[in-house]
Amino acid sequence: MSVRPTDTLDVVIVNFNAGKILTECITSVLRSELTTRVTVVDNLSTDGSLGLVRKKYGHDRRLVVRCERSNLGFARASNLAAAEGCAPYILFLNPDCIISTGTLERLVPFMETNPRIGMCGCLIQDPSGREQSASRRLIPDPWIGLRHVLATEGGLRLLPGTRNLDLTTGPIPSAPIEVEAISGALMLVRRTAMEDVGMLDDGYFLHCEDLDWFVRFRQHGWAIYFIPDTYAIHHKGVCSAGRPMRVEWHKHRGMIRFFRKFQSQGHSVFFNGLVESGIWLHCLLAITRTFISRQIRMLVRR
């Protein structure tokens with residue numbers, strides 16, 4: 001199905017110290033004729049990444065840059081940019097993600113084929129070409145806090161009653177499939193679906209806002225699809241490299257918010273407390289491990 005390139009796609013990129021990879025990210029979307037507008041919201045970066053973008057693309061009328069006076073977080077910044085556009089499709093793209101040639105030309109027409117598809121994503125690979133674990137997945141179940149601690153830290157594969165959330169452990173499907181969740185690094189969203197479901201919950205600062213959205217899309221009857229025959233390269237962790245402990249804090253805080261919002265109902269106070277304790281324990285372990293690793297690296301450099 002043909003798609004008119006004049007009014008098709010708004011791209012939203014939230015930047016925080018992505019460095020030169022931000023320019024590569026923007027290049028990968030501007031080379032598509034489907035791209036109407038690229039809005040970069042900068043959350044008070046200090047690494048000169050915006051200067052590189054302005055130097056290369058300051059003349060391109062499709063590029064809009066918003067410089068915030070504080071770090072608004074991913075969800076709030078994304079919502080501001082999405083609200084300024086008017087194209088029927090919105091691509092939410094991480095600044096450390098580079099889409100392959102033809103990806104947009106594959107994803108947008110696919111969305112056009114079925115009006116019940118509210119969102120889709122593609123194969124997400126790391127720089128070595130391996131599929132990243134969040135590329136296609138299931139929504140976490142209520143045991144997620146305990147599973148994070150016991151499976152990751154204690155060496156247990158699965159707790160009774162839990163599911164393996166990572167679908168990438170299986171073979172890559174040969175055709176598009178409906179899934180519960182895709183990678184938040186690249187989400188192509190139908191604007192009418194977003195207007196029906198509501199925007200990202202800006203109560204999340206960083207992490208888990210995508211899972212929240214996936215749940216709400218499905219609750220409103222919108223399908224989420226994974227498209228395996230096109231890909232993007234995700235340089236995961238570029239933006240969080242300078243503040244890894246703060247990122248862990250926000251990630252686990254997001255887990256708590258997600259659990260309370262969607263999965264705590266119907267369980268005892270004891271069970272909910274156990275799950276939340278598990279999440280915070282995992283947070284403490286992750287921050288401690290990160291701190292020790294940084295100290296070791298500093299000693300090695302001396």
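The values are calculated or read from the model by the stated rules, or taken from the named source; none is laboratory data. Small disclaimer: the values here were computed from a predicted structure and weren't measured. Positions of Cβ are generated from backbone atoms using ideal geometry, with glycine treated the same way; all protein chains shown enter the neighbour counts.
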So Gly51 clears everything in (1) more than 26 Å from Ile124 (Cα to Cα); (2) in contact with an Asp or Glu (Cβ under 7 Å, 6 or more places away or on another chain) except one condition, right? Which one?
-> (2)
Just wondering, is there one or more residues in the stretch 154-163 that are at pLDDT below 95 and more than 24 Å from Leu285 (Cα to Cα)?
-> yes
Residue among Ile26, Ile90 that is crowded, with 16+ Cβ neighbours inside 10 Å, more than 21 Å from Met194 (Cβ to Cβ) and among the β-branched types (Val, Ile, Thr) | Ile26
Pick from the stretch 243-302, criterion exposed (fewer than 12 other Cβ atoms within 10 Å of the Cβ) and among the β-branched types (Val, Ile, Thr), ranking: farthest from Phe205 (Cα to Cα) = Val300
Any idea which of (1) of a type in the set (Ser, Thr, Tyr); (2) surrounded by 15 or more Cβ atoms within 10 Å (Cβ to Cβ); (3) at pLDDT below 95 is the one Thr169 doesn't satisfy?
-> (2)
Under 8 Å between Cβ atoms, at least 6 apart or on separate chains: pull out the pairs that start in the stretch 167-193 with a residue that is among the polar types (S, T, N, Q) and end on any residue that is in a strand (DSSP E or B).
-> Thr168/Glu131; Thr168/Arg136; Thr168/Arg137; Ser174/Pro228; Ser183/Gly121; Ser183/Ile124; Ser183/Arg136; Ser183/His234
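May I ask you to list the residues in the stretch 92-133 that are hydroxyl-bearing (Ser, Thr, Tyr) and part of a loop (DSSP other than H, G, I, E, B)?
Ser100, Thr101, Ser128, Ser133
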Within the stretch 47-91, can you find the residues that are over 16 Å from the mean Cα position of the chain (by Cα) and part of a helix (DSSP H, G or I)?
-> Ser49, Leu50, Gly51, Leu52, Val53, Arg54, Lys55, Lys56, Tyr57, Leu80, Ala83, Glu84
Could you look through the stretch 246-283, keep only residues that are at pLDDT below 90 and aliphatic (A, V, I, L, M), and pick out the one that is farthest from the chain's Cα centre (by Cα)?
-> Leu274
Only one of (1) surrounded by fewer than 20 Cβ atoms within 10 Å (Cβ to Cβ); (2) within 26 Å of Glu24 (Cα to Cα); (3) modelled with pLDDT under 95 fails for Pro228. Which number is that?
-> (3)
Hey, Gly102 at pLDDT 95 or above, assigned by TED's automatic domain parsing to the domain that holds Thr192, over 23 Å from Gly221 (Cβ atoms) and small (Gly, Ala, Ser) or not | yes
